[in-house]
Amino acid sequence: MRYFLLMLLATLLVCGGCGDTNNYGIDGMEVTAAQCQDLADNDADGLIDCADPDCQWFVFCIDGGSGDTDTDTDADTDTDTDADTDTDTDTDTDTDTGPNECTQDLGEYSGDLTIHTPSDVTALAGYTSISGNLVIECPSCTDLSELICLTSVGGSLEIGSYPDDGNPALIDLDGLSSIASVGENLLIENNDVLANLDGLSALTSTCVDLRIRYNDVLTNLDGLSGLTWVEEEMRIQSNPVLTNIDGLSGIIGSVDFLSISHNYALTNLDGLSALTSVGDRLEIWDNTALTNLDGLSSITTVNYFFDIIDNDALPDCEACDLLDQLTFAPDWITVHDNLDDSCTPVPANCP
């Protein structure tokens, strides 16, 4: 009996000294996170912590603690089979401003201004209106882009000025493309290299006088298609390569003085088909390529002077037909030196 008790006590002492040495509740194993990080060989297999296969499934043991479970050399576990169905819903709108966009508003420029040099153009940059006259007579100006903010001219707009030097270098009027109204006269005269008036396409208001004269390379008036009324004078004179005046087709009603002269490439007057009356004087002079007056077919009144002279390709009968459509004869009629022909039948008012 004494022997048995001694053996039991020895067993308890041994177990009390070595049992549950890791204090993790699982003896002789290396399976918990704590066991796999205690620097001890808990299962007595000669392998410690992450070196033991039993621990290698913990994230802190995978690929040196990186968590990488694939066989590549990077540290991610992504085997990306991207099924992204994202469609771009970007609503960004470009607010950048280009060279022909107004970036400031200085309000109204008070008074008249004559532009003689490029520095005068700069002086008006940023103004949205001018109360008086704007005269552009600038031999050294090649463009007017700094005037892009300008929307109205209270007085007259004069681009060039006959018989002075005008604008021998100005190639376009794009810098005036914001102008919607001119209070008085629109004069485009003595411009050597200006081929069109497209820069005035925003102009929609009426004007008192319209004069387009002495423009050496001007081929059309399409930029004036927004004009609807000319109150007093319309003069289209001495534009040697002007082929048509279709850009005036929006002008309706009456005009006091209509002069179409010395336009050697002009073949017809179709752009005037909305005119119905000439209050004072109608003159069609020296347009050597003009072949008909069909564009004047709506005119029923010419009160005083009716002059159709020196149009080499225009039959006299065209003038006679125009006289015949008037409600009453003008006070003074002059028709001569046009293309001679025999009118059959002879119009009643043919001189």
- Enumerate the amide H contacts of residue 135 below 5 Å, restricted to partners 5 or more residues apart or on another chain; note that Pro and chain-start residues carry no placed amide H. 113, 114, 115, 158
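Per residue, what accessible area does region 166-228 have, given a 1.4 Å probe and all protein chains present, in Å²? It would help to have the intermediate numbers written out before the result.
Numbers: 1930 Å² over 63 residues.
Using a 1.4 Å probe on heavy atoms only, each residue of region 166-228 averages 31 Å².
Could you please report the charge total around residue 242, scoring K, R as +1 and D, E as -1 over all other residues with beta-carbon less than 14 angstrom from its beta-carbon?
Working: positive: 211, 213, 235; negative: 189, 216, 222, 246, 270, 286.
Once positives and negatives cancel, what remains is -3.
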- With the 8 Å Cα cutoff and a minimum separation of six or more residues, region 184-317 has a relative contact order in percent of 18 percent
- Query: Could you list, bin by bin from short to long, the percent of Cα-Cα pairs of region 252-351 in 5 Å steps?
  - Reply: 3, 14, 26, 28, 21, 7, 1
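Evaluate the charge dipole of region 134-255 about its Cα centre and quote only its size in Debye, nearest 20, assuming +1 on the Cβ of each Lys and Arg and -1 on the Cβ of each Asp and Glu. Provide the component values of the computation, followed by the final result.
On the way: 3 positive and 19 negative charges, 55 e Å.
Dipole size: approximately 260 debye.
The values are calculated or read from the model by the stated rules, or taken from the named source; none is laboratory data. Since this is a predicted model, take the numbers as computed values, not measurements. Reconstructed Cβ throughout: ideal geometry from the backbone, glycine too, with neighbour counts over all protein chains shown. Heavy atoms of the whole protein, side chains included, go into the accessibility calculation; ligands, DNA and RNA do not. Shrake-Rupley method; radii C 1.70, N 1.55, O 1.52, S 1.80 Å.
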